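Everything below concerns the one structure shown next.
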Amino acid sequence: MKDIYENPLITRYASRQMAQIFSDDHKFRTWRRLWIALAECEQALGLPITDEQIAEMRAHADDINYEVAEAQERLVRHDVMAHVHAYGEQCPKARPIIHLGATSCYVGDNTDLILIYEALELVETKLVSVIDNLSRFALKYKDMPTLGYTHFQPAQLTTVGKRAALWIQDLLMDLGQLEAIKRDYRLLGVKGTTGTGASFLTLFGGDVAKVKALDEAVCKKMGFESSYAVTGQTYPRKFDTMVLNVLAMIAQSAYKFSNDLRLLQSLKEMEEPFEKQQIGSSAMAYKRNPMRSERMGALCRFVLSLPVNAAVTASTQWFERTLDDSANRRLVIPQGFLAVDAILNLYLNISAGLVVYEKVIQNHINQELPFMATETILMEAVKRGGDRQTLHERIRVHSMAAAERVKMHGEPNNLIELIKADEAFGLTPDEIDKLMDPRAFTGCAAAQTQEFIEQYVQPVLSHYADKLGAQGEVNV
């Protein structure tokens, strides 16, 4: 519909797969799976629930009667009870035992945790595929000298591959935090209205062991090993902060990459992919604007704003629960994942098609290397018997003259020619040229990159071998 607002995270940016995870259909089907799991486990622990009732619930697990649920919610103003009613209409025999002993958060919070886990899995898959793309790029260009920058001023040389290794290292840190969340992942379980399990204790005639067994059995039936040991009505809202912090960390890393690439594109050293029919500017037809990187930065900025929202929600929950988290979480959690999914789609697309302009990089090195090489030339001249202080002054004078030539007259840097013509250095032009090999000024960059990929990246990629190869589709 074009006459109402539509969320661009859905219509323009995120993948269909991520959007489906947080869809109403997936959510409400998961509610029904949880109600079936609860009934099955309650039956197994001795409650009078029949096979026929469970079979009826299974038969209607996926054909949700939305019209009935929506009409009921308008009447009762309660989404869970509206769906209990709608499910009960389809399952008249099971109606008396649907949601037996449970509170709304049994389906609401457990479903949220299940969907978050699925979303983390998708993020993980795309994240490791970005790391894979960048590792190939880093190895390919590990030996290629390029200007390093501090304060966005030319500094010592590094290599194109070493710079990519820095991007990878950020992503490895993000992956480590994501893995930590998954390692200790828990459901809310079956806790009741205030987390005491009182309703279930009543159902089981005061048998505490059965209440605990029900909690464990439902978690396992839903594919998880454990639940939180103690809760109020909800799972701890601090968990949402942890999740959004991880998403924000990924956004930080992607933002850094996108800014670096935008600067490199302005320098004409590297570019993001630019398609044959793509238009860079509506006014300036010659432009190749870094649209993907800019969009990545914009989405990252949005994600970076979300963790404080979750932190405030966790901080302001009263006692066992208040409902002022509900509307907030419906927005923040899905949109955080949708935005990071869009960011990683862009990162996948860009990292698979990075363009490197080697001649431009070499020209920039040639402009700055004469200044950087002077210390090496000075040391070699001293080794040949030259006076360090005298030669240092000669370099200073020549450097000032060359800098004036470049800055005031826009002419090429002739510092090396001035040094070659100065007999005080005692070096032949050929000897000075050999000292000017850019690779001699990149330090351990190539070796560091190779070692980093082999020792830190490859083990990760081997572990995730079955998840590699994700593609990043950019819709518009």
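Each reported figure results from applying straightforward, stated rules to the coordinates on display, with no laboratory input. Here the structure is a predicted model, which means the values were calculated and not measured. Cβ atoms come from the backbone with ideal geometry, glycine included; neighbour counts cover every protein chain shown.
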For VAL76 paired with GLU225, estimate the spin-label separation in nm (one decimal), with each label point 7 Å from Cα along the Cα-to-Cβ line. 3.7
Whole-number percent relative contact order across the chain, with pairs defined as alpha carbons under 8 Å at least 6 apart: 20
What ranking do HIS392, HIS409 get, fewest neighbouring Cβ atoms within 10 angstrom at the top? HIS409, HIS392
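Extension gain GLN389-GLN367, at 0.36 nm per residue separation less the Cα-Cα distance, in nm? The partial results should precede the final answer.
Details: separation 22, 0.36 × 22 = 7.92 nm, distance 2.57 nm.
Once the chain is fully extended between GLN389 and GLN367, it gains 5.3 nm.
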How charged is the neighbourhood of MET296? Take every other residue with its Cβ under 15 Å from the Cβ of MET296, and add Lys/Arg as +1 and Asp/Glu as -1. -1
Work out the FRET efficiency for ALA421 and ALA447 from their Cβ-Cβ distance, taking R0 = 35 Å, and round it to the nearest 0.05. 0.45
Exposure proxy order (Cβ contacts within 10 Å, fewest to most) of MET270, MET18: MET270, MET18
Would you mind computing, in nm to one decimal, how far apart the modelled labels at SER23 and ARG183 are, each placed 7 Å from Cα along Cα→Cβ? 3.5
Packing-wise, with mean Cβ within 10 Å as the measure, how do 27-37, 357-367 rank, highest first? 27-37, 357-367
Peptides 459-466, 422-429, 154-161, 197-204: what's the order by average Cβ count within 10 Å, highest mean first? 154-161, 197-204, 422-429, 459-466
Give me the net charge of VAL360's neighbourhood, meaning all other residues with Cβ under 12 Å from the Cβ of VAL360; Lys, Arg count +1, Asp, Glu -1. -1
Given segment 360-441, report the % of alpha carbon pairs whose separation exceeds 15 Å. 55
Report, in listed order, any pair from LYS2/LYS256; LYS191/LYS238; LYS27/LYS191; LYS126/LYS162; LYS142/LYS256; LYS93/LYS238 with a Cα-Cα distance greater than 28 Å. LYS2/LYS256; LYS93/LYS238
Measure off 7 Å from each Cα along the Cα-to-Cβ vector at PHE319 and ALA465, then give the distance between these two points in nanometres to one decimal. 5.6
